[in-house]
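Q: This is the structure I want to talk about, given as structure tokens.
The values are calculated or read from the model by the stated rules, or taken from the named source; none is laboratory data. Keep in mind the model is a prediction, meaning the values are calculated, not measured. As a convention, Cβ positions derive from the backbone with ideal geometry for all residues, glycine included, and neighbour counts pool all protein chains shown. Quick note on the areas: whole protein, heavy atoms, side chains included, nothing else; ligands and nucleic acids left out. Shrake-Rupley method; radii C 1.70, N 1.55, O 1.52, S 1.80 Å.
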Amino acid sequence: MAAVNNKTRCITCDKEKRTVRCEGCLQLFCYDHLTDHRQELNKQLDHIQLNRDVFRQTLNEQMNHPQVHLLVKQINTWELDSIKIIQQTASECRQLLIEHRNEHFNQIEVNLNKLTDELRDIRQENDFNEIDLQQFNEKLKTLAEELDKLSNFSFQHDSTPLIHKVSVVVASSEAISSSKNINNNTKWKHNGSTIAGGYGEGSQTNQLYWPYGIYVDDDEQMIYIADYGNDRVVKWKHGAYYGQVVAGGNGRGTRKDQLNLPTDVILDKKNDSFVICDYGNRRVVRWPRKHGKNQQTIISHVACSRLTMDNNGDLYVSDWEKNEVRRWTKGETTGTLVAGGNGKGEDLNQLNSPGYIYVDDNLSVYVSDSNNNRVMKWTKGAKEGVVVAGGHGEGNTLQQLSHPQGLIVDHLGNIYVADSGNDRIMRWSEGSREGSIVVGGNGQGKQPDQFNYPDGLSLDQLGNLYVVDWGNNRVQRFVLDID
């Protein structure tokens, strides 16, 4: 920074004083406000280093991604079940997989270490400005883009008369079905990684404010989050540091381009649009994914709590005021009652503040019956449901739940539920009288193995578990533990 002898106006206090020009932003500062300016630059550098640490965590996860181990297991199984003529092919596949990981991920590691050294050096020398900070941000962005391109693996095979010829495909959108990865004994790593939010309550692009529902799009490696307190839906690409608003975000209101406390979102790929539970406006809206225009209200005058869609494209909406769940086919004005609808209560034909919904291939409806501290299952056409999780009063034993929220069911009939009041995720095997703790259950907190009122829940095709950590304004991902 070069000193200026003549008195000029400080950009901060607008007073004529002896000033110094910052070579980064080229603005003039008096001596007092120059110190403030430097402190702000130091804060920005701290933020870059924090992002560097987050990126290193993501890099380490990718280098030890369980999918790599799963692919090796599949290759080994194929090798053992086949004859000697295909053993060489298996060896080539393993070598390609490992060489790709070592070559490309190691290069990213080298570049990240170089960036770390540069950050340490300028911090020690205290010789940096806005231009330097911008360059560091660009370097981090470039590394993230490179990692994103290299993080996808898949296993493919082609049928032949006697054997299957296998190959490793790098950077493909093909994913392994979760049905192959999850069984009754599946475990997840105890510590989750923050993949969205985690920077405190706020409305910046790297923040969330009381998030609720989540939708995982495996095809595009993207998650969509109902950002309740910010009246918006945001998307977060895998490995990104910032989200992007895809619906709402125009202030709280009733206009077509506004939302009011959204609680859930699903992606209707057939119609290339989002379906959003616009809780504060008592409506369900369809929001085109492209251009974000021509929004329309598809269900009105409903105290919508959560929603989902079955394989036929029918919508299911839980109404917390009427204590019921209805199925809506396209064009319907009243919907069809599929659960509850007999007033607030704890009988088997009643619900009390129903929340998240899951519909299986047989069109059975699972409901988080929040204030009854249980999960209910209603088979198609049933007049009453059955308790499939909880139902023994509010508590923290393995037979109990406390205001359950997020809900999913795997291909084996195992029920996964966000036991919000107990800050844990539970699994109930079909027919079991008690559940088991999957992740969490370590007290309320913000550590990687803790939650603060977990809410939304989802699984991707690899079997990774996603938890919306409502009170911590973040989304956590837990990878499979296959050790």
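Q: Pick from the stretch 424-483 the residues that are modelled with pLDDT of 95 or more and among the β-branched types (Val, Ile, Thr): which of them is farthest from Trp236 (Cα to Cα)?
A: So, considering only residues that are modelled with pLDDT of 95 or more and among the β-branched types (Val, Ile, Thr), the one farthest from Trp236 (Cα to Cα) is Ile437.
Q: Could you check Lys290 against (1) surrounded by fewer than 22 Cβ atoms within 10 Å (Cβ to Cβ); (2) part of a strand (DSSP E or B) and say which number it fails?
A: Single failed check for Lys290: (2).
Q: Please indicate, with yes or no, whether at least one residue in the stretch 293-304 is touching a helix residue (DSSP H, G or I) at 6+ places or on another chain (Cβ under 7 Å) and either part of a strand (DSSP E or B) or assigned by the TED database to the domain that holds Leu459 (or both).
A: Filtering the stretch 293-304 for residues touching a helix residue (DSSP H, G or I) at 6+ places or on another chain (Cβ under 7 Å) gives 304.
Filter again for either part of a strand (DSSP E or B) or assigned by the TED database to the domain that holds Leu459 (or both), leaving 304.
Looking for residues that are touching a helix residue (DSSP H, G or I) at 6+ places or on another chain (Cβ under 7 Å) and either part of a strand (DSSP E or B) or assigned by the TED database to the domain that holds Leu459 (or both), one finds at least one in the stretch 293-304, hence yes.
Q: Sticking with this structure for a sec: State yes or no: is Thr308 assigned by the TED database to the domain that holds Glu384, under 25 Å from Tyr228 (Cβ atoms) and either in contact with a Leu (Cβ under 7 Å, 6 or more places away or on another chain) or buried (at least 21 other Cβ atoms within 10 Å of the Cβ) (or both)? Please lay out each step first, then the result.
A: Values: assigned by the TED database to the domain that holds Glu384: yes; under 25 Å from Tyr228 (Cβ atoms): yes; either in contact with a Leu (Cβ under 7 Å, 6 or more places away or on another chain) or buried (at least 21 other Cβ atoms within 10 Å of the Cβ) (or both): yes.
Taking the combined requirement at face value, the residue satisfies it.
Q: Looking at Asn206, Asn185 in this structure, which one is assigned by the TED database to the domain that holds Val475, out of contact with any Ser or Thr (no Cβ under 7 Å at 6 or more places or on another chain) and not in a strand (DSSP E or B)? Walk me through how you get there before you give the answer.
A: Numbers: Asn185 fails: assigned by the TED database to the domain that holds Val475.
Selected residue: Asn206, the only one of Asn206, Asn185 that is assigned by the TED database to the domain that holds Val475, out of contact with any Ser or Thr (no Cβ under 7 Å at 6 or more places or on another chain) and not in a strand (DSSP E or B).
Q: Further question on the same structure: For the stretch 193-213, which residues satisfy the criterion of being open to solvent by 10 Å² or more (accessible area, probe 1.4 Å) and touching a Phe, Trp or Tyr at 6+ places or on another chain (Cβ under 6 Å)?
A: Glu201, Thr205, Asn206, Gln207, Trp210, Tyr212 - these are the residues of the stretch 193-213 that are open to solvent by 10 Å² or more (accessible area, probe 1.4 Å) and touching a Phe, Trp or Tyr at 6+ places or on another chain (Cβ under 6 Å).
Q: If you don't mind, there's one more thing I want to ask. Being under 31 Å from the mean Cα position of the chain (by Cα) and open to solvent by less than 30 Å² (accessible area, probe 1.4 Å) is the filter; apply it to the stretch 71-107 and report the residue that is modelled with the highest pLDDT. Step through it out loud before you land on a result.
A: The first filter runs over the stretch 71-107 and keeps only residues under 31 Å from the mean Cα position of the chain (by Cα), leaving 71-75, 94, 96-107.
Subset that is open to solvent by less than 30 Å² (accessible area, probe 1.4 Å): 71, 75, 97, 100, 105.
Details: Leu71: 68, Ile75: 74, Leu97: 74, His100: 72, Phe105: 78.
Across the stretch 71-107, the extreme among qualifying residues is Phe105.
Q: Can I ask one more? Of all residues in the stretch 95-121, which are in contact (Cβ under 8 Å) with a residue 24 or more places away in the chain and not hydroxyl-bearing (Ser, Thr, Tyr)? Step through it out loud before you land on a result.
A: Of the residues in the stretch 95-121, the ones in contact (Cβ under 8 Å) with a residue 24 or more places away in the chain are 96-97, 100-101, 104-105, 108-109, 111-112, 115-116, 119.
Of everything in the stretch 95-121, those that are in contact (Cβ under 8 Å) with a residue 24 or more places away in the chain and not hydroxyl-bearing (Ser, Thr, Tyr) turn out to be Leu96, Leu97, His100, Arg101, His104, Phe105, Ile108, Glu109, Asn111, Leu112, Leu115, Leu119.
Q: Among residues belonging to the stretch 39-62 that are among the charged types (D, E, K, R) and out of contact with any strand residue (DSSP E or B) (no Cβ under 9 Å at 6 or more places or on another chain), point out the one that is most open to solvent (accessible area, probe 1.4 Å).
A: Looking only at the stretch 39-62, we keep the residues that are among the charged types (D, E, K, R), and these are 40, 43, 46, 52-53, 56, 61.
Of the ones still in play, those that are also out of contact with any strand residue (DSSP E or B) (no Cβ under 9 Å at 6 or more places or on another chain) are 40, 43, 46, 52-53, 56.
Working: Glu40: 86, Lys43: 133, Asp46: 77, Arg52: 29, Asp53: 77, Arg56: 62 Å².
So, considering only residues that are among the charged types (D, E, K, R) and out of contact with any strand residue (DSSP E or B) (no Cβ under 9 Å at 6 or more places or on another chain), the one most open to solvent (accessible area, probe 1.4 Å) is Lys43.
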